[in-house]
Amino acid sequence: MKTYDVTALGELLIDFTHSGHSGAGNELLEVNPGGAPCNVLAMLRRLDKHCAFIGKVGRDAFGDLLEDTIRDVGIDTAGLKRDGHVHTTLAFVHTRAGGERDFSFYRNPGADMMLSADDLDDALLTDCRIFHFGSLSLTHPGCREATREAVRRAREAGALISFDPNLREPLWDDLNEAKAQIAWGIAQCDILKISDNELVFMTGTDDLERGAEMLLGRWPQIRLMNVTAGDDGPFCYYGALRCHEPVVKVDDVIEKTGAGDTFCACILAYVLEHGLDGLTQKDLSDMLRFANAAAAQIIRRKGALRVMPTRDEVLALV
């Protein structure tokens, strides 16, 4: 038995999103707590999983807000560190038609980059069933060293390793370096969630089936891989089994922030509840249908971390 179902490491930041205009015609921006790893944990908490976060925010008002927020949603904050010299990372989210987004980051540097191996809370790494991370903590040498050390400790303690590249190209000085670091992350994981554009980035082919087979051929240690493909729905690869489920269509889409994170959380919840051995075609279909419905719920809401759907709300769409 482990104290934590999932421990995640990475960025915790503020997403500024459009929220109308003032009386003078100026654009209003809403402060939304965000960051992919904590979005994943927030959804897992909605599904009654015990979660802990490892990361760093600034010793500033935004850092206070973020710490209070993840504590309020039930995420253990023992691994959250505060930096007195570097401010909390900020992201400005520009929502396009259909809910797709562009990101502008204020992270040069940002506090999440300052996480070091000395900041790691060993108990959170050795006492979890799944350790989850993404590529933003691999962008710079210090947080990269911390991430690699965290993965090593978690794996040695018997945790499953989950990886979501969550590629944000503007945060990399060199996209060849991004590809190398994402390749390292994929090489560590048992469970991989990757988007169609990330699959193209890593394989050079826009044939998703061929690209998926290329990844699995290069990294055969992957036990469960899910490729999200926007409106085409996700594709699941598990041993010799292949599964595809269409997305759940909703008309009232606000923005797609957190959709992939919500989907990823539901996959991890299914693994926690059913294990990673002996899954059937029906298991994979059930898993994808629930994850699709959860993602459909979150894109009907502004933000993600504070407003994750409950199990009953997801089942209402399933």
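The values are calculated or read from the model by the stated rules, or taken from the named source; none is laboratory data. A quick note: this is a predicted structure, and the numbers were derived from the prediction, not measured. Don't worry about glycine lacking a Cβ; one is built from the backbone with ideal geometry, like all the others, and counts go over all protein chains shown.
I'm told R152 meets every condition in (1) in contact (Cβ under 8 Å) with a residue 24 or more places away in the chain; (2) outside any strand (DSSP E or B) except one. Can you identify the failing condition by its number? Checking R152 against (1) in contact (Cβ under 8 Å) with a residue 24 or more places away in the chain; (2) outside any strand (DSSP E or B), the one that fails is (1).
For the structure I just gave you, tell me whether A187 is assigned to a helix (DSSP H, G or I), closer than 17 Å to V6 by Cα and in contact (Cβ under 8 Å) with a residue 12 or more places away in the chain. No: the conditions fail for A187.
When I130, I191 are checked against the criterion of being surrounded by 19 or more Cβ atoms within 10 Å (Cβ to Cβ) and touching an Asp or Glu at 6+ places or on another chain (Cβ under 8 Å), a single residue qualifies: I130.
To keep it simple, each residue is scored yes or no on (1) at pLDDT 95 or above; (2) out of contact with any strand residue (DSSP E or B) (no Cβ under 6 Å at 6 or more places or on another chain); (3) farther than 28 Å from L9 by Cβ.
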{"site": "N197", "(1), (2), (3)": "yes, yes, no"}
{"site": "T203", "(1), (2), (3)": "yes, yes, no"}
{"site": "D207", "(1), (2), (3)": "yes, yes, yes"}
{"site": "L224", "(1), (2), (3)": "yes, no, no"}
{"site": "D251", "(1), (2), (3)": "no, yes, yes"}
{"site": "I254", "(1), (2), (3)": "no, yes, yes"}
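The residues in region 194-217 that are more than 20 Å from F263 (Cα to Cα), buried (at least 16 other Cβ atoms within 10 Å of the Cβ) and hydroxyl-bearing (S, T, Y) can be counted, and the count is 1. Within the set T147, T126, T139, the sole residue that is under 17 Å from the mean Cα position of the chain (by Cα) and free of Cβ contacts under 8 Å to residues at least 60 places away in the same chain turns out to be T139.
Counting only strands (runs of 3 or more DSSP E) that sit completely within region 1-118, those holding 3 or more residues that are modelled with pLDDT of 95 or more and of a type in the set (D, E, K, R) correspond to 76-83. Just to be sure before I move on: is T257 β-branched (V, I, T), touching a Ser or Thr at 6+ places or on another chain (Cβ under 8 Å) and not in a strand (DSSP E or B) in the structure I sent? Answer is yes for this residue.
Condition (residue is of a type in the set (D, E, K, R) and either more than 30 Å from D251 (Cα to Cα) or out of contact with any Ser or Thr (no Cβ under 6 Å at 6 or more places or on another chain) (or both)) applied to region 87-96: is it met by at least one residue? Within region 87-96, one or more residues are of a type in the set (D, E, K, R) and either more than 30 Å from D251 (Cα to Cα) or out of contact with any Ser or Thr (no Cβ under 6 Å at 6 or more places or on another chain) (or both).
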